[in-house]
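The values are calculated or read from the model by the stated rules, or taken from the named source; none is laboratory data. Here the structure is a predicted model, which means the values were calculated and not measured. Because the Cβ atoms are built from the backbone with ideal geometry, glycine has one as well, and the counts that use them run over all protein chains shown. For the accessible areas, the whole protein counts, side chains as well, though only heavy atoms, and no ligand, DNA or RNA atoms are used. Shrake-Rupley method; radii C 1.70, N 1.55, O 1.52, S 1.80 Å.
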Amino acid sequence: MGRTSKEWSQKPDLPETHYVDQRVYTDPQIFEEEKEKIFARTWMLACHESEVSEANDYRTYRHPAGANLIVVRGEDGEIRSFYNVCPHRGNTILYDPSGNAKRMTCIFHAWSFDYKGNCVGLPREKAGYCTEDGCSITRGDLGLREVKTQVGYGGFVYVNLDDECGPLEDHIGSALDCMIEQIDTEPLEVFTYHRAVVHTNYKLWHDTNSEFYHDYLHVHNRLTSMKQEGYFDRKMIPFPNGHAEVGSHEVHYEAYGGSKSREEAGFPGMSGNPWYMVDLFPGYTYNLRASVLRIDSQIPLGPSRTMIEYRTLGLKSDTPAQRKQRIQDHNVIWGPFGRNLHEDLLAVHGQGRAIPSGASYIIQAREEDSTIHDEIGMRHFYAEWSRRMGRLASDPSRKPAARDLTTTPGT
Amino acid sequence: MDTEIKASRDVQEEVRELIYRSCLYLDNQDFAGWLGLCAPDLRYTITAYSPEIRKEMVWLDHDREGMESLFDMLPKHNSDHSPLTRHASVYLVEHDGSANEASAVTSLVVYKTQLDGGATELFAVGKYFDTVRLEGETLLLTSRSVRLDTRELGIGSHLPL
């Protein structure tokens with residue numbers, strides 16, 4: 001029987017940790033607060049070291065807190081990041097998304113900068129800024145704004161806008177231990193990159209990566225995973241700081257028409273066709289399906305709009321045959337024409353359309369001893385979100401109590 | 001008119017017609033019709049160059065069997081049912097009479113029309129690079145490389161372009 005308007009808008013008769021108020025996905029003020037309280041203070045995945053493999057290689061990154069960044073590998077081999085903003089009149093310094101620049105030179109007035117962010121070129125410097133009494137501005141005053149940068153966990157470049165932030169290791173902790181041998185034994189290399197701009201809230205994409213009850217959406221997963229032994233034994237494991245691991249199991253790729261085992265092109269230390277997946281707060285995911293590592297990193301553009309970057313990686317040492325195999329494996333379910341990615345994006349697109357216009361609460365109440373269809377991954381994310389935001393996800397007008405900030409199996 | 005030149009022009013015209021027919025078949029989701037234009041040794045790819053990672057990318061790569069399998073599985077998937085419309089302009093056709101082959105370059109624009117309301121938006125631009133073989137009186141597509149300029153494709157698609 002359908003519900004009346006009053007019934008529909010009533011809070012669910014569930015613990016407050018088991019549902020989310022729709023305003024968390026739609027309110028512009030909450031989105032602005034997220035930029036300040038979460039994205040500006042958290043390590044974000046900007047790119048992979050293979051995208052800046054040579055000295056003076058650079059890559060641009062649109063940071064979710066609003067700053068446009070440059071990631072550059074110096075002549076000393078170190079990777080650094082800077083605001084992609086000329087300190088003179090605020091022009092963009094590097095327009096192309098990647099390239100190689102011994103000097104990063106602003107097109108406007110030819111101010112130029114080196115890989116350490118030093119201003120090394122200032123046309124007619126003395127004529128404009130110096131008199132017999134001295135200089136009002138010197139090159140030393142005009143360096144670029146540098147951003148904290150660390151490389152790790154598979155060679156990914158992480159950045160943090162907060163000058164006072166702790167090390168990356170404190171944020172990630174042991175969340176990626178399940179696949180660290182696979183991703184850190186030898187260098188990786190990005191072989192595809194694309195992005196999707198979707199009219200939805202970024203958390204809805206992260207939720208989709210954090211719950212596997214939605215395997216019903218994918219015929220590929222129903223055939224290759226759900227119908228296979230061990231699927232329902234997979235455990236969801238929460239980690240500090242809002243991260244969650246989805247336990248591995250053996251995938252039977254050959255059960256889907258036209259697909260085959262990925263065993264021959266596995267990652268180091270791997271046998272068979274395992275599937276490792278870790279969701280990292282606040283919006284990026286490591287997804288290792290035997291032969292291909294996919295990284296999702298989100299760049300929220302507004303409360304109802306997000307840009308998702310997809311990178312897929314193999315080993316830098318791949319032979320042409322191994323790389324070809326990885327590409328084929330990737331394309332079956334991932335990429336813009338993959339079977340699963342389109343389905344996932346269609347679903348979050350549908351949420352983005354429906355939630356602002358009619359949903360009151362999003363329910364995340366499945367409890368199955370933290371196994372694969374338990375929604376503990378989402379609950380764990382929102383406990384961290386509530387802690388950071390000082391707002392209760394089930395009622396963002398209220399501050400969370402201590403009991404709302406812990407996630408243990410069965411709660 | 002020289003007989004060979006006339007024959008070559010006839011082939012060029014038939015190649016154009018084959019390319020336009022291939023678009024109509026896909027627009028109508030008549031996959032059997034589309035496969036009817038293809039040779040047993042068909043190779044179909046969708047590729048793009050990424051300026052972000054400075055690499056060539058392959059997003060779809062199938063032989064004929066792979067395309068048949070893709071089409072067979074389509075009804076079992078959850079797909080966006082908004083139709084795609086292909087607008088093709090054949091720029092070049094080159095006929096190699098000695099090899100009974102022709103190659104063609106076609107400009108491609110793909111639109112997506114929302115089922116709910118009928119608004120049409122641009123989905124992708126790119127080119128077809130086709131190779132066609134003349135077998136008796138029949139022309140068959142032996143390779144189609146869809147080369148995309150567009151790389152941001154929204155929620156993507158289950159359909160070939």
Spans of strands (runs of 3 or more DSSP E) in the range A:132-210 with at least 1 residues outside the structural domain of A:Phe239 (by TED's automatic domain parsing): A:146-152, A:156-160
Candidates A:His330, A:His342 - the one that is touching a Gly at 6+ places or on another chain (Cβ under 7 Å) and either buried (at least 23 other Cβ atoms within 10 Å of the Cβ) or not assigned by TED's automatic domain parsing to the domain that holds A:Thr185 (or both): A:His342
Contacts under 7 angstrom Cβ, first residue in the range A:290-303 being within 28 Å of A:Glu36 (Cα to Cα) and in the same structural domain as A:Phe267 (by TED's automatic domain parsing), partner of a type in the set (Asp, Glu) and assigned to a strand (DSSP E or B), 6 or more apart: A:Ser297/A:Glu309; A:Ile299/A:Glu309
Some residue of the range A:59-75 being in a loop (DSSP other than H, G, I, E, B), more than 21 Å from B:Glu52 (Cβ to Cβ), modelled with pLDDT of 95 or more and acidic (Asp, Glu): yes
All helices (runs of 4 or more DSSP H) inside the range A:1-57 with 3 or more residues being crowded, with 16+ Cβ neighbours inside 10 Å and not polar (S, T, N, Q): A:23-26, A:28-37
Single condition B:Ala39 does not satisfy, out of (1) in contact with a strand residue (DSSP E or B) (Cβ under 8 Å, 6 or more places away or on another chain); (2) open to solvent by less than 40 Å² (accessible area, probe 1.4 Å); (3) within 30 Å of A:Val190 (Cβ to Cβ): (3)
Subset tally (residues that are over 24 Å from A:Thr312 (Cα atoms), open to solvent by 20 Å² or more (accessible area, probe 1.4 Å) and among the hydroxyl-bearing types (Ser, Thr, Tyr)) for the range B:70-88: 1
Answer residue from the range A:356-378, given it is open to solvent by 10 Å² or more (accessible area, probe 1.4 Å) and within 30 Å of A:Arg41 (Cα to Cα) and is farthest from the chain's Cα centre (by Cα) among those: A:Ser360
Residue match in the range A:383-400 (condition: within 30 Å of A:Gly257 (Cα to Cα), open to solvent by less than 20 Å² (accessible area, probe 1.4 Å) and charged (D, E, K, R)): no
Breaking point among (1) of a type in the set (Val, Ile, Thr); (2) without any contact (Cβ under 8 Å) to a residue 60 or more places away in the chain; (3) closer than 30 Å to B:Tyr49 by Cβ, for A:Ile333: (2)
Enumeration of residues in the range B:64-80 that are at the interface with chain A (Cβ under 10 Å from one of its Cβ atoms) and not small (Gly, Ala, Ser): B:Glu65, B:Met67, B:Glu68, B:Leu70, B:Asp72, B:Met73, B:Leu74, B:Pro75, B:Lys76, B:His77, B:Asn78, B:Asp80
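For (1) within 29 Å of B:Leu153 (Cα to Cα); (2) open to solvent by less than 10 Å² (accessible area, probe 1.4 Å), each residue gets a yes or a no:
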| position | (1), (2) |
| --- | --- |
| A:Gly173 | no, no |
| A:Glu186 | no, no |
| A:Arg195 | yes, no |
| A:Lys203 | yes, yes |
| A:His214 | yes, no |
| A:Arg222 | yes, no |
| A:Lys227 | no, no |
| A:Gly242 | no, yes |
| A:His252 | no, no |
Unmet requirement for A:Arg353, which otherwise passes all of (1) modelled with pLDDT of 95 or more; (2) open to solvent by 20 Å² or more (accessible area, probe 1.4 Å): (1)
Among the residues listed as A:Val71, A:Val120, the single one being in contact (Cβ under 8 Å) with a residue 60 or more places away in the chain and either open to solvent by 60 Å² or more (accessible area, probe 1.4 Å) or out of contact with any Leu (no Cβ under 9 Å at 6 or more places or on another chain) (or both): A:Val71
Residue match in the range A:313-323 (condition: under 18 Å from the mean Cα position of the chain (by Cα) and either modelled with pLDDT of 95 or more or within 13 Å of chain B (Cβ to nearest Cβ) (or both)): yes
Residues being open to solvent by 50 Å² or more (accessible area, probe 1.4 Å), in contact with a Lys or Arg (Cβ under 7 Å, 6 or more places away or on another chain) and within 14 Å of chain A (Cβ to nearest Cβ) - total across the range B:102-146: 1
Residue match in the range A:86-102 (condition: closer than 26 Å to A:Ala359 by Cα and assigned to a strand (DSSP E or B)): no
Of the criteria (1) under 18 Å from A:Arg388 (Cβ atoms); (2) in contact with a Phe, Trp or Tyr (Cβ under 6 Å, 6 or more places away or on another chain), which one A:Gly74 fails: (1)
Conditions (1) more than 14 Å from every other protein chain (Cβ to nearest Cβ); (2) of a type in the set (Gly, Ala, Ser); (3) assigned to a strand (DSSP E or B); number of the one not met by A:Gly269: (3)
Residue in the range B:97-109 that is under 20 Å from the mean Cα position of the chain (by Cα) and closer than 16 Å to B:Leu159 by Cβ present: yes
Pair list, Cβ under 7 Å, 6 or more apart: the range B:23-50 residue within 14 Å of chain A (Cβ to nearest Cβ), other residue crowded, with 16+ Cβ neighbours inside 10 Å and polar (S, T, N, Q): B:Arg43/B:Ser143; B:Thr45/B:Ser145; B:Thr47/B:Ser145
Where A:Tyr61 falls short, out of the listed (1) more than 22 Å from A:Tyr153 (Cβ to Cβ); (2) under 16 Å from the mean Cα position of the chain (by Cα); (3) open to solvent by less than 40 Å² (accessible area, probe 1.4 Å): (1)
